[in-house]
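To start, the structure itself, in structure tokens.
Taken together, the values in this text are just the output of simple stated rules run on the coordinates, not laboratory data. This is a predicted model, so every value here is computed, not measured. Every residue, glycine as well, gets a Cβ built from its backbone with ideal geometry; the counts of neighbours run over all protein chains shown.
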Amino acid sequence: MSTTPVLALRGICKRFGAVRALTDVELEIHAGEVVALVGDNGAGKSTLVKVITGVGPADEGVIEWNGRPVRIHRPHDAQTLGIAGVYQDLALCESLDVVGNVFLGHEICTAGVLDEVAMERRTRELELMDTLSIRIPSVRVPVASLSAGQRQTVAISRALLSDPKILILDEPTAALGVEQTAHFLDLIERLRERGIGVLLISHNLGDVKAVADQVAVLRLGRNNGFFDVLTTSQEQIVSSITGATDNAITHRKAWAWEAML
Amino acid sequence: MNKSEASDLNTTRAGGGTARAGPAADRRQSAEGEQGFRGYVSEITRKLRSGELGALPGVFSVVVIWTVFQILDHQFLSPRNLSNLSVDIVGTGLIAVGIVFVLLLGEIDLSVGSVSGLSAAVFAVFNVNNGVPEWLAVIAAVLVGAAIGAVQGFFFATIGVPAFVVTLAGLLAWNGLMLHVLGASGTINLRPQGLVYGLTNHYFHNTAAAYGLAALGTVAFFVTSYHDARRRRAAEVLARPLTEIAMRTGAVAVIAFAVAYVLNQFEGLPLALLIFLAVVVGLDFVLRRTKYGRKIFSIGGGVEATRRAGINVAWVRVSVFAVSGTLAALGGLFLASRVASVGQTAGSSILMINSIAAAVIGGVSLFGGRGRPWSALLGMLVIQSIASGMLLLGIQTTVQYMITGGVLLAAVVLDSLSRHSQKSHGRA
Ligand SMILES: Nc1ncnc2c1ncn2[C@@H]1O[C@H](COP(=O)(O)OP(=O)(O)O)[C@@H](O)[C@H]1O
Ligand SMILES: [Mg+2]
């Protein structure tokens, strides 16, 4: 793709005390493109998500939005640009109900007063509530009493509500069942058709192969390769994740990865 | 908007299409089923089962306490005693409303007693000792409360000192400052017939006042519930059935007119009660119907989630502590008005303990995110009823403290149990 990426990261560094969680990380996401970000546990994927969404800003590096450098210091900055995220640690409000969580920070108001009716109706109309058949007893139950899969659906609905240009999903299918995951992958394809750029973090290379256009590999906080999904074998991606150069090891590790799927 | 896309999906992906149509259709059906009366009943049972008891324990306590004291002493439910009760709850009740705000954040403010004493002292010194006009002295006293709250909130929200410690330091410091402000004289008597004196001593003797307020409250309750239900039905979301609304309105009417009748048997509608009700209704609206209120609830339910939603958590926290300080100052003026003076015992720790106890007994969760300003009124009714009954029976305050302590413990146990059951409910 020769067009300017909607979101580009250049030389992102992030430290937690002595731990270098991210070092000189580069990443580009174009409109209508699904980029998968893969890497072993502790590779820095979630940290990168928090850099992009302003939850944990970078120490160094440049973030470009449509080719222009921007500052993302707080969640609000990312939201204004049009970046929405679903975090691995879901970040929902336990005591608010489903509607309250979906609309948190974007409440619909009529003459300065919360319009609960409008918000409840829109929550019911959200595509996920329908297609994922999450069977929430009522959109008025506090999320504290929901199952992990239901919470995940609420978190994803919440991210979609803001009509983002870039959607970041940190292991979104981890708590979903087989059928829900299938629906979810369909949803990602529809988002791509709408021109939304998606950054999908997943441990499931099957999912990645199914929906992603590009795969970016992160290893020990550094970029470890970019691949085109169509022309790259799963083994190549796995060896890049594990950092194995030796063939035998690559194969054994690849085998181990596939066994996990 | 996405219904068409969803059905699109079912046809293009022939493989899973039919299999997926099932649950989606199911889901729609259950959504419709929710709207009937049955759905409403199941909603209530779900709430009770998952431990959202709300005001029930408080109401139950009031009924039990009133019954017991009425049996022990027939003066207890006399118009005179009940009217006095309705004025006695106001001072501490206002402070308790501030505590409700802080508890909703999942925090605590131990300084409210001292702040109320200091504010009352500031008022008395300005007005009585220095001849500052009364309205100006009132504004100064309230501003002192608000400023102290904001400062404490600042230390907590931006520097990260636990609220418990900041306000504990405040409890000590502001009490010391109050004693300093009161000076050698110790006690300052308020000017009789003044504005502040009238706060708890003025009654609307005309019976139309109390009845009018009862009627206004009932009509307002009905109109808002009815309007809300009609909008909900139009939008096809879960709505209260009309019979429900009628029953609730009936209950509100019975309580409101009974209270008005009793008050009119004595001196009429007390100004203090009117102000207290206005504050409770107003702040209840702010908490449940505005974006600001929603932010307070969401911080209580998850600070990190609120921060990630792009909300300025620090600002909300500072403002809530300022609200708490403001209400503490207001409460202090009412308490001073009740005894017509400000003395060295003003703003004692008992005040702080009672106001926190009132909020918790009234149904506010100590863990944040659950409760309403009405809880302050209900909790104060419990506490003040115990105090008033004991006074009638000539029992020492020591026993009163022990009983109030027991009720508080029971309330906290209920709160913890309900939180526990809410966590385990449906998550297994
Ligand atoms: N808040 C934090 N404080 C200290 N270290 C952290 C923090 N968050 C992440 N890390 C460290 O940063 C590294 C990357 O973590 P993370 O981004 O969660 O990895 P991933 O999501 O790829 O599994 C890990 O070594 C982790 O221990
Ligand atoms: Mg992670």
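Using a Gaussian network model of chain B whose springs link C-alpha atoms within less than 10 Å, name the residue from B:LEU327, B:LEU283, B:LEU393 with the highest mean-square fluctuation.
Answer for the Gaussian network model of chain B: B:LEU393.
How large is the dipole of the protein assembly as shown about the Cα centre if only Lys and Arg carry +1 and Asp and Glu carry -1, each at its Cβ, rounded to the nearest 20 debye?
Rounded to the nearest 20 debye, it is 660 debye.
Report, in whole Å, the centroid distance computed from the Cα atoms of the stretch B:220-275 and the stretch B:371-385.
18 Å
If you take each beta carbon of peptide B:225-237 and count the beta carbons of other chains within 10 angstrom, what is the mean? Let's see the in-between values first.
Details: counts 0, 0, 0, 2, 0, 1, 5, 4, 1, 2, 8, 4, 12.
Mean shielding by partner chains, rounded to a whole number: 3.
How big is the gap, in Å, between the Cα center of the stretch A:191-237 and the Cα center of the stretch A:1-64?
About 14 Å separates the Cα centre of the stretch A:191-237 from the one of the stretch A:1-64.
Compute the helix-to-body angle for B:397-424: its Cα long axis versus the longest principal axis of chain B, expressed 0 to 90° and rounded to tens.
With rounding to tens, the tilt is 20 degrees.
About the Cα centre of chain B, what is the dipole size in debye to 20, counting +1 per Lys and Arg Cβ and -1 per Asp and Glu Cβ, all else neutral?
1340 debye
For A:ASN223, which sequence-distant residues (separation of 5 or more, or a different chain) have an amide H within less than 5 Å of its own amide H, given hydrogens modelled in the peptide plane?
Here A:GLU26 satisfy the definition.
Checking the a/c ratio against 1.5 first, then a/b against b/c, what shape does the Cα gyration tensor give for chain B?
It comes out prolate by the Cα gyration axes.
Quick one: order A:ASP228, B:ASP73 by neighbouring beta-carbon count within 10 Å, fewest to most.
Exposure proxy ranking, most exposed first: A:ASP228, B:ASP73.
Using label points projected 7 Å from each Cα along Cα→Cβ, tell me how many nm separate B:LEU392 and B:ALA220, to one decimal.
3.0 nm
For the Cα atoms of chain A, what angle does the longest principal axis make with the long axis of helix A:247-260, in degrees from 0 to 90, nearest 10?
Here the helix axis deviates by roughly 20 degrees.
For peptide A:183-191, what's the mean number of Cβ atoms from other chains within 10 Å of each residue's Cβ?
3
Run the numbers on the stretch B:309-428 and let me know its relative contact order in percent, using alpha-carbon pairs under 8 Å that are six or more apart. If you can, show how the numbers build up before the last one.
Values: 65 pairs, mean separation 22.3, N = 120.
The normalised contact order for the stretch B:309-428 reaches 19 percent.
Which one of A:GLY85, A:VAL178, A:HIS73 has its Cα pushed farthest toward the positive end of the charge dipole of chain A, where Lys and Arg give +1 and Asp and Glu give -1 at the Cβ?
Positive-end residue among those listed: A:HIS73.
Would you mind putting A:26-38, A:192-204, A:101-113 in packing order, based on average other-beta-carbon counts within 10 Å, highest first?
Final packing ranking: A:26-38, A:192-204, A:101-113.
Any idea which of B:ALA147, B:LEU85, B:LEU177 is furthest toward the positive side of the dipole for the stretch B:47-204, if Lys and Arg beta-carbons carry +1 and Asp and Glu beta-carbons -1?
Result: B:LEU85.
Would you list B:PHE221, B:PHE164, B:PHE156 from fewest to most Cβ contacts within 10 Å?
Numbers: B:PHE221 17, B:PHE164 13, B:PHE156 24.
Ordered by Cβ neighbours within 10 Å, fewest first: B:PHE164, B:PHE221, B:PHE156.
Just how large is the dipole of chain A about the Cα centre, in debye to the nearest 20, putting +1 at every Lys and Arg Cβ and -1 at every Asp and Glu Cβ?
Computed charge dipole of chain A: roughly 480 debye.
Using a 10 angstrom cutoff on alpha carbons, build the Gaussian network for chain B and name the most mobile of B:ALA147, B:ALA272, B:ALA411.
Comparing B:ALA147, B:ALA272, B:ALA411 in the GNM, the peak value goes to B:ALA147.
If each DSSP helix of 4+ residues adds -39,500 (n - 2.57) and the sum is divided by the residues in the protein assembly as shown, what number results at 222 nm, nearest 500 deg cm²/dmol?
-20000 deg cm²/dmol
Tell me, B:HIS205, A:HIS183 in order of fewest to most beta-carbon neighbours within 10 Å? Don't jump to the answer; show the numbers that get you there.
Numbers: B:HIS205 11, A:HIS183 24.
Placing the least packed residue first, the sequence is B:HIS205, A:HIS183.
Helix A:178-193 versus the longest principal axis of chain A: what angle, 0 to 90°, nearest 10, using Cα atoms?
The angle comes out near 90 degrees.
Looking only at the stretch B:240-283, which residues have a backbone nitrogen under 16 Å from a spot 7 Å from the Cα of B:ARG230 in the C-beta direction?
Taking a point 7 Å out along Cα→Cβ of B:ARG230, the residues of the stretch B:240-283 whose backbone N falls under 16 Å are B:240-243, B:245-246.
Just to verify a number: FRET efficiency for A:THR232 and B:LYS291, C-beta to C-beta distance, R0 = 45 Å, to 0.05? Can you show the working numbers first?
Working: r = 47 Å, r/R0 = 1.05.
Here the calculated transfer efficiency is 0.45.
Between B:ASN312 and B:VAL399, what is the label-point separation in nm under the 7 Å Cα-to-beta-carbon projection?
If labels sit at B:VAL399 and B:ASN312, their model points lie 5.4 nm apart.
Normalising by the residue count of chain B, find the relative contact order in percent from Cα pairs under 8 Å and 6+ residues apart.
Relative contact order comes out at 32 percent.
How high is the FRET efficiency between B:THR207 and B:VAL68 when r is their beta carbon distance and R₀ equals 45 Å, given to the nearest 0.05?
Values: r = 31 Å, r/R0 = 0.68.
The value I calculate is 0.90.
How well do other chains shield peptide B:285-295, expressed as the mean number of their Cβ atoms within 10 Å of each residue Cβ?
3
With chain B treated as a Gaussian network of Cα nodes joined by springs under 10 Å, which of B:SER319, B:SER114, B:SER337 yields the largest mean-square fluctuation?
Of B:SER319, B:SER114, B:SER337, the Gaussian network model singles out B:SER319 as fluctuating most.
So for chain B, taking the charge dipole from beta-carbon charges (+1 Lys/Arg, -1 Asp/Glu), which of B:VAL97, B:GLN344, B:GLY302 sits furthest toward the positive end?
Result: B:GLY302.
Indicate, rounded to the nearest 5 percent, the antiparallel portion of the DSSP beta bridges found entirely in chain A.
Bridges in chain A that DSSP calls antiparallel: roughly 60 percent.
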